[in-house]
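The structure appears right after this line, and notes come after that.
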Amino acid sequence: MERQRPLVTEILNHTEYWQKIMALSHFVINVTFDDAFKDGEPEIVAETESLWQYRQANTKYYLASAYRLDKDEMEGVVVHELTHVLLSPMESVTKKDKDEQCELAVENVTRAFMSIKNEVRRA
């Protein structure tokens with residue numbers, strides 16, 4: 001875990017920053033970390049469960065997977081997980097039969113946020 005401490009700080013900093021940018025400050029977002037891969041699957045970097053009715057969410061990052069990403073990719077993962085929180089009222093209704101569509105919607109919104117960030121950075 002010592003080797004991954006800067007990564008944990010990076011994730012927490014991105015979470016705090018993007019939670020404000022995405023107007024999610026009214027949510028309590030608990031961020032936890034696991035040193036291992038999720039179920040031995042290296043492609044899963046994080047997962048989020050949102051209890052939108054209570055304005056709470058739990059995001060778990062799998063550091064063995066996250067450690068392999070560069071800084072921009074990791075920031076994108078944080079935005080992706082927060083987008084799940086942002087869209088959670090809709091996801092709770094539609095996700096039952098439309099998991100792929102919900103994931104696509106989350107990914108599209110994530111790309112939009114990251115594109116806006118990159119444009120602002122260039123300006």
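The values are calculated or read from the model by the stated rules, or taken from the named source; none is laboratory data. What you see is a predicted model, and the numbers here were worked out from it, not measured in a lab. Quick reminder, even Gly has a Cβ in these numbers, built from the backbone with ideal geometry, and neighbours come from all protein chains shown.
Residue-wise test of (1) hydrophobic (A, V, I, L, M, F, W, C); (2) within 25 Å of A112 (Cβ to Cβ).
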site	(1), (2)
G40	no, no
E47	no, yes
N58	no, yes
A66	yes, yes
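Give me the helices (runs of 4 or more DSSP H) completely within segment 1-113, filtered to those with at least 3 residues that are surrounded by fewer than 17 Cβ atoms within 10 Å (Cβ to Cβ) and at pLDDT below 95, ordered by residue number.
In segment 1-113, 5-21, 88-94 are the helices (runs of 4 or more DSSP H) which contain 3 or more residues that are surrounded by fewer than 17 Cβ atoms within 10 Å (Cβ to Cβ) and at pLDDT below 95.
Hey, among I29, I44, which residue is under 12 Å from the mean Cα position of the chain (by Cα), over 17 Å from H14 (Cβ atoms) and among the aliphatic types (A, V, I, L, M)?
Working: I29 fails: over 17 Å from H14 (Cβ atoms).
None of the other options fit; the residue is I44.
Before we move on, is E75 within 22 Å of E103 (Cα to Cα) and free of Cβ contacts under 8 Å to residues at least 24 places away in the same chain? Steps first, please.
Values: within 22 Å of E103 (Cα to Cα): yes; free of Cβ contacts under 8 Å to residues at least 24 places away in the same chain: no.
Considered against the rule, which asks whether it is within 22 Å of E103 (Cα to Cα) and free of Cβ contacts under 8 Å to residues at least 24 places away in the same chain, E75 comes out as no.
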